[in-house]
Every structure is written in C-alpha cells, then in structure tokens.
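What follows is calculated from the coordinates using simple rules that are stated; it is not laboratory data. It should be emphasised that the depicted structure is a prediction, and the values quoted were computed from it without experimental measurement. Note that we place each Cβ from the backbone using ideal geometry, even for glycine, and neighbour counts take in every protein chain shown.
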Amino acid sequence: MPTAMRTIFHLYFLSLGIVLSGCSLQKGNISMEVENPAETVRSSALVILSRSAITKKANGKLAPYYEVNIHNKNIPVQFDDLDGDGQWDELVFLHDFRPKEKLTVILRSSAIKPIGISGSKAHVRHQRLLENGSFGPSLAADTIDGKQKPTDFSKQKLPPFLTEGPAWENDRVGFRLYFDTRNGKDIWGKLKPEMVLDSVGTNSTANYHALNEWGMDLLKVGSSLGAGALALFIPDMEGKDTLVRVGGSNMENILYERVADGPVRAIFRMHYKNWKLHPALSPVSLTEEIQIWGGQLFYESVVHVTGLPANAALVTGIVNLYDAPENEILEGKATAIFTHHKQSENKDKLAMAILLNKEELQEFSTAKNSDTDIRNTYLVKMKTRNNEPNRFRFYAAWEKSVPALSDSARFEAFLRDELKAFQQPIIVNE
C-alpha cells in the first residue's frame, strides 16, 4: 500500500477512535432543561431535580450519583435522602438566573458522590452539653420532655444544649430555636460567610449578645413569637379565643431530626407529639420542617398539623418590642408582612418579614398583650387544615451585613421581587 494511502487510513482510524472514545464518555449522561419563569433576576436559586424525574430521563437506568455541568462548568451538588430509606431522593444545586432564562443541565453519571465544594453554604447543628463541660458532636436526632425548662443562667454558666437548641445558618444569616417550653426563634446576624455556629456559645465568657467579628445574636425575643415561632389559635375556649404557643408543659415529647446538612442546603424537622391543649380536646401533633440554603436571607418552614380542633388555625409572627411600624404588601398571589426599624440588640436597623401564599393567609393581626403568654407580636394567622401543609418564609436583613437593605423602601422593593419569585419556582422541564 502506498505511503500516502497508509497515512489516510491511519488518520481515519485515529479519528474513528476519538469519536468512539467520545461516545463512551457520553454514555449514561442526561440532559435536562431548567427555567426561571419570573421576570426578575434569581440569585442562588435552589434547583431541585427529583430522583423520579432523573430516573425517567435515564429510561430507568439511574446512576449511583451525578456530576452537574452547566456551560462546561461543574456545579457543586447535594444528594438528600428525605425519607430516611438510605437512598437519595433529590439532587439539588444553586444557580443564578437572568429573567426568563433557560439553561441546559448536563448530568454526568458517577459511581462515587461528587466531592463538592471546600466551603459549605448551609448548616444545621444541635449539640448537647457533656459532663466535662464541652459540647458533644452534632446530633442526628434528640428528644426532650415537653416540660423542659429554660436555662437559669444565674445557676449555670452553660445551657444543656449549645445556644439553647438547634441552630441553622447559611452564608448570610442564621437562626436558632429554644429547645424548651419557650420554643422561640431567634436571629444570628452574620458578618462573614463561613459557618460559625458550631463555635458560638461554647465559651461562657464570650457574650454572643454583643458584637463580635463574626456577628452577634440580634434579637430580643421576650414573650413574643420572635423570628417566626409557632402558635395555635383556638376559638371559643371557655368563652374566649385563645392563642397557645407550640410547646409548653402540656406537651409530651419534642423531637429534633436532622435531615440534610449542607453544603448546598440544610433541613431539619421538629416533631411535637401528643399536645394536650385542653381536657375537652383530643391531643394535637405538629411537625415543622425547616430548610435554609445558600445565598438567601430567609429560612422556609413547612408545617403539618394532625388532630386540629374545629376552626383552629396555625399562627406565626414577628416580634415587636420597639413600636416598629407594621407593613403589609401584596404581589400577585403572594403576600408579606414586614417591619424595618432600629430593633436589633446592637441598636441598629433590622428588617424582618414573613412571606406566604395569599390563599393560605387568614389574617394579619397584633397580639393582644393580655390574657396570653404571647405578647409584643405581629401575628400571621393561616388557613389550616388537618394533614395539609402550611408554608411560609421568614426573612431577616441586618444593616451591618446587608447595608443595601438598610433603607425601608429598598427592603420593600427587595421583598416584592421575592414575592414574585416565591410564586414562580424554578421549572424543571423533564
């Protein structure tokens, strides 16, 4: 065979080998389209690809894991097992979207879980005090008696749980829940994006109510609902309407359950069992699932109630100890209540808001401050049905960490965009 001919055949088989190699690399990969339906920019939007949708797209041949690639760049991902059966149910990642933008997502099959990112953007932890005076590891689950009393710091330097209960954070803001009869919620103002709440409160000489280099505890909660704590409105109890805080001595056990812990989002559940509201009523049980993901100024709560008395309603709220004006806004099918005032423990501006679907809202109101243990609170009463979820988001924007929102008008404009995005979640075109 002439030399020229041999060269042509050599190049042909070489190019064929490259093509075949490329085909083998593509085997098992999946292409999916995601879309921002809103006419607003979406920063760090949470994209959820369900196991069922991926399985369908893969014609039933699901890989153990997947790498996510957009515009030839791998994206940090997280695989969450939501029902505890040992296999992941959702693949999630964060991405920025332009208004009405559509993106093609390539899922590349992988036998091992992708390593992820060096710095987590979301975290939840709950730790108990050990006998040696240190706090133990973050617990996957924990239970207390409903009669668990608040810590008396005049008698002990450290509480039985780090910062008095579960705490959750992302790279912009943090929150905590009092794991006792108060069942209140509080806000951490953050000045750095790193996950800091594993170390906050471990040293009794370091006051987290004062400004530190990482931030501080921002909120005085008192007898209010603080940053979105829960209550039930019970009509006509013994001749009067009653607002009862979730928790308290009439409840049996309270359970904490960690579901997912970063790097993209964190999820945990609080289970309130056999709540005896009144001798004439059957016990009530309630589960709250809270999640937070990177880049946002809110946590999202989904609440299920069983054994709900007739005409009762789930209530949440925003603390009001400083006569902060209450503002209500409506945007399409979503609504919000917010305050923007000098109301932080640092005596500077703090904005707080609760956002929910309009169809779930029964009314906005104000706590009566008499004949109730819930005071100084702007209330959000929701239309509540047994075993059907109520969903809301609680926002916190501290002027030191988010100076762009230190003006009330700017915070309202920000909230209006959030309301639009809330009712137009990211679409996954299967």
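Observations on the structure shown:
- Alpha-carbon centroid distance for the pair segment 121-167 / segment 347-379, whole angstrom: 28
- D (Stokes-Einstein, µm²/s), Kirkwood Cα radius, segment 28-110, 0.890 mPa s at 25 °C: 184
- Rounded to the nearest 20, the size of the Cβ-charge dipole of segment 341-395 about its Cα centre is 160 debye, with Lys and Arg at +1 and Asp and Glu at -1.
- The chain - mean residue ellipticity at 222 nm from DSSP helices (-39,500 (n - 2.57) per run, n ≥ 4, rounded to 500): -3500 deg cm²/dmol
- Fewest-first sequence of Lys185, Lys192 by Cβ atoms within 10 Å of each Cβ: Lys192, Lys185
- Long-range amide H partners of Val105 with built H, under 5 Å: Met32, Glu33, Val34
- Ranked for footprinting exposure by Cβ neighbours inside 10 Å, fewest first, His271, His71, His209 give His71, His209, His271.
- Nearest 10 degrees, 0 to 90: helix 3-26 Cα axis against the chain principal axis: 20
- Among Glu213, Glu328, Glu33, the largest mean-square fluctuation in a Gaussian network model of the chain (Cα springs under 10 Å) belongs to Glu213.
- The listed peptides 253-260, 357-364, ordered by packing as a protection proxy, come out as 253-260, 357-364 (highest mean of other Cβ atoms within 10 Å first).
- Helix 408-422 and the long axis of the chain differ in direction by around 60°, with both axes built from C-alpha atoms.
- Structure remark: mean-square fluctuation, Gaussian network model of the chain, C-alpha springs under 10 Å; the largest value among Asp261, Asp142, Asp83 belongs to Asp83.
- Spatial separation of Cα centroids for segment 205-247 and segment 44-73, in angstrom: 40
- For segment 28-110, a simple Cβ point-charge model (Lys and Arg +1, Asp and Glu -1, everything else neutral) yields a dipole of about 420 debye relative to the Cα centre.
- Dipole in debye (nearest 20) - segment 125-423, about Cα centre, beta carbon charges: Lys, Arg +1; Asp, Glu -1: 100
- Packing-based exposure ordering (other Cβ within 10 Å, fewest first) of Trp188, Trp88: Trp88, Trp188
- Candidates Lys240, Lys368, Lys113: whichever shows maximal mean-square fluctuation once the chain is modelled as a Gaussian network with Cα springs under 10 Å: Lys240
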